[in-house]
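Each reported figure results from applying straightforward, stated rules to the coordinates on display, with no laboratory input. Keep in mind it's a predicted model, so treat the numbers as computed, not measured. All Cβ positions, glycine included, derive from the backbone under ideal geometry; neighbour counts span all protein chains shown.
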Amino acid sequence: MTPSANPVAVAANPWLARPATIESITREFTDVSTYHLRFADPEIDSAYRFRAGQFNMLYVPGVGEVAIGVSTGGPGRPTEDGPPTWDHTVRLAGQVTAALDRLGIGGSLGVRGPYGEPWPLDSCAGDEILLVAGGTGLASLRAAVYELLAHRDRFPRVRLLYGARTADGLLYTSEYDAWTAAGMEIDTTVDRGSPGWQGHVGVVTQLLTRLRPWDPERTSLWCCGPEVMMRFAVRAALARGLPKERVWVSMERNMQCAVGLCGHCQFGPEMICKSGPVYRFDRIERYLNVEGL
Amino acid sequence: MAERETKPDPKGKSLPASDDGPGAAGWIAKSDFQSFLDRLVALGYRTIGPTLIQGAIGYDEIRQVDDLPKGWTEHQSAGSYRLVRRDDDAWFGFNLGPHSWKRYLFPPQQTVAKAIKRDDGWQLDDVEDAEPPFAFLGVRACELAAILVQDRVFLNEHHSDPIYRRRRENALLIAVNCTQAAETCFCTSMGTGPRCVVAFDLALTETELGFTVEIGSPRGASVLAGLPIREAAPAECAEAASARQQAEDQISKRLDTTDIRELLLGNLDHPQWDDVAERCLSCTNCTMVCPTCFCHSVEEVSDLDGGQVDRVRQWDSCFNARFSYMNGGLVRGDVRSRYRQWLTHKLAGWIDQFDTSGCVGCGRCITWCPVGIDLTAEVAAIREVPK
Ligand code: SF4
Ligand code: SF4
């Protein structure tokens, strides 16, 4: 380079989304819906790829953008045949998600992505995978579930420990039978029981503490949920001898540009949109207990 | 002249100096300088340089040599900036005002995309940046370093910002070496100055009657073609060298950058954060004047019937409460966590993210802080009693 370094052009406008349409909506519970999206341009729609754990920015013009993990798995909409849609499970939690809610089927929006680091499907090949999810955290793992189940030859054991506040806060329950049939062991728990609930009552950490069989030498833990829940779950796993290097967590902050330019999603020295959202635990451990980071 | 490429060194080693000894530099008389400004216009540049704006020396369009702040200087200290008459007529006899070149490469407000409502849904469009090429006149060494830092932010291997890229590629950087230093300057600690050694197209040093001229790029050389520039005489080179030395000698502020990343990230619960939170007003001034701060937000600006939306990028600040909004709450709800975010990002996180310190030692955040908070003092306090 010359002293007046003219850096090379690399990528297009990071703020430019692609038009997309809401093909259908699955109302998961009162304030959580899964939007099944399709890019308006069929070429983009068929060329689009993502890796489990990555996220997209969903854009409602005039309102703003929100970062949502892509939760498409297997056949896309598992209940129907046909080409996969790009699924995003969204909790109503602000202006953009409220605007998405108002759009309805056929609604037009923008999508850009995918962004971020995915779940470590490659580096964990050969391991027993233990998924631990809390609440809507399962959305970020859904695509991983389908990947893991499609490659049972590489993952000798796949288990899911899943906790929600109440039974009607458990996501994707209609898919559990299929997941079990494909070889996944699922254990669910709720904080508060309700009439008709016959499963565990208590936090997901308790399931983890009691989990049998337990082989910390061969297990990798992938964890997604509220930060507090992840802290306790990881602590329980470490207490049972799981090495830190076999623990991954998916972090959440306010992602805006999604390409490490806007500064909003910083967590200690990390920009979660770029070096995360999925982190090996030992990389961010020292920041997890700091208030207000 | 040897061409170099380097970057501000977070460890604070000083950079090699280039040489404008006899034969290596040109010389242009002040009486001929207008022809240089005219030349820039003829080449299609919009020249931006220092000029008096509202009681300070800021950057704006420069057409005449008389637009320059001739005979003015500033007195800067923590929380204070005053314009003062010089006892000579120096044109660049000051250091830095509140503006930095990021106003032009990364403007405070910029439409970055558009959405237009069509019958079959939204059409999402790019925007063209029509700004003519800039010639920046009077870029200081720390500011060259700041531009290189922002290059790493906006033009990296993953993503590049098209507006920044276009403006940056087109910009002609005409550096002017500092010949004095403010009480707030600490470029020597950050390895960024006071001498301009990298990233310029041309570098000038002011003497009483003219400027020595160093050429940093082929573009810089071509701009000079045909202008009344001759080889600098040994006495002119010596005068320039001693003027530059004066700047170096006047720098008194220091920031010890030894292991600074670990120092800060290892002290996230240090009582000094509480102490500074008592004083900091969370006013965002420091981030607005900082030449490297890049955090921004994008606002949706709709026309009346909502049929067209401009996506307007605006400077944002980690000192704004809303900056850390997430899921209906604030991650950094108090001033302590916001100041800590700013300082640890600037001096530590930047190293992880961009392999450089985010501070070039310009001292603006110290001068323009209404309560005179000095980041070098905050770091020193943490270093004094680390956890
Ligand atoms: S942090 Fe302060 S001294 Fe450092 S570059 Fe920014 S404004 Fe200048
Ligand atoms: S450090 Fe000073 S300039 Fe920065 S936000 Fe606090 S009061 Fe404002």
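On the basis of the beta-carbon distance and an R0 of 41 Å, A:Val228 and B:Arg103 show a calculated FRET efficiency of 0.45. Summing +1 for each Lys or Arg and -1 for each Asp or Glu among the other residues whose beta-carbon sits under 13 angstrom from that of A:Asp31 gives 0. If the viscosity is 0.890 mPa s and the temperature 25 °C, what Stokes-Einstein diffusion coefficient in µm²/s follows for chain A when Rh is the Kirkwood radius over Cα pairs? Estimated via Stokes-Einstein, D reaches 123 µm²/s.
Taking R0 as 60 Å, what's the FRET efficiency between B:Asp249 and A:Trp197 from their Cβ-Cβ distance, rounded to 0.05? My answer for the efficiency is 0.20. For A:Lys244, list the aspartates and glutamates whose Cα falls under 19 Å from its own Cα; do not include residues on the same chain fewer than 8 positions away. Within reach: A:Glu117, A:Asp122, A:Asp127, A:Glu128, A:Asp215, A:Glu217, A:Glu227, A:Glu270, A:Asp282, A:Glu285.
As a proxy for reagent exposure, ranking A:Leu141, B:Leu268, B:Leu124 by other Cβ atoms within 10 Å from fewest up yields B:Leu268, B:Leu124, A:Leu141.
For the listed residue pairs B:Lys30/B:Lys70; A:Lys274/B:Lys346; A:Lys274/B:Lys102; B:Lys253/B:Lys346, the alpha carbons are over 20 angstrom apart in A:Lys274/B:Lys102.
What is the local net charge at B:Thr376, summed over the other residues whose Cβ is closer than 14 Å to its Cβ (Lys, Arg +1; Asp, Glu -1)? Combined, the nearby Lys, Arg, Asp and Glu give 0.
Fewest-first ordering of B:Asp129, B:Asp303 by other beta carbons within 10 Å of each residue's beta carbon gives B:Asp303, B:Asp129. Applying 0.36 nm per residue to the separation of B:Ala225 and B:Asp60 and subtracting their alpha-carbon distance, the gain on full extension is 56.8 nm. Look at the dipole of the protein assembly as shown built from charges on Cβ: of B:Tyr45, B:Ala25, A:Ser24, the Cα furthest out on the positive end belongs to A:Ser24. All other residues whose Cβ lies under 13 angstrom from that of B:Ala171 are scored, Lys and Arg at +1 and Asp and Glu at -1, for a net of +2.
Taking the charge dipole of the protein assembly as shown about its Cα centre, with +1 at Lys and Arg Cβ atoms and -1 at Asp and Glu Cβ atoms, the residue from B:Phe136, B:Ala348, B:Leu330 reaching farthest to the positive side is B:Leu330. Quotient of the Cα radius of gyration of segment B:115-273 and 2.2 N^0.38 Å, N being its number of residues: 1.41.
Inter-chain Cβ neighbour count for B:349-362, averaged per residue, equals 2 (cutoff 10 Å, partner chain atoms only). The ranking of A:Glu285, A:Glu185, A:Glu28 by Cβ neighbour count inside 10 Å, starting from the fewest, reads A:Glu185, A:Glu285, A:Glu28. Dividing the helix sum by the residues of chain A, where each DSSP H run of 4 or more adds -39500 (n - 2.57), gives a mean residue ellipticity at 222 nm of -6000 deg cm²/dmol.
Ordering A:Ala93, A:Gly104, A:Ser33 by Cα displacement along the dipole of segment A:9-115 toward the positive end leaves A:Ala93 in first place; charges were set at the Cβ atoms of Lys, Arg (+1) and Asp, Glu (-1).
Restricted to Cα atoms, segment A:128-250 shows a radius of gyration and a Dmax of 13.5, 41 angstrom. Between segment B:81-157 and segment A:178-251, the alpha-carbon centres lie 50 Å apart. Could you give me D for the protein assembly as shown, from Stokes-Einstein at 10 °C and 1.306 mPa s, where the hydrodynamic radius is the Kirkwood radius over C-alpha pairs? Units µm² s⁻¹, please. Rounded, D is 58 µm²/s.
For the pair B:Asp88 and B:Ser35, label points projected 7 Å from Cα toward Cβ lie 2.4 nm apart. For segment B:60-166, GluC sites (Glu not before Pro) are listed when DSSP marks them as loop and at most 10 other Cβ atoms sit within 10 Å of their Cβ; the list is B:Glu128, B:Glu157. Label positions at A:Arg212 and A:Ala181, each projected 7 Å from the Cα along the C-beta direction, are separated by 3.0 nm.
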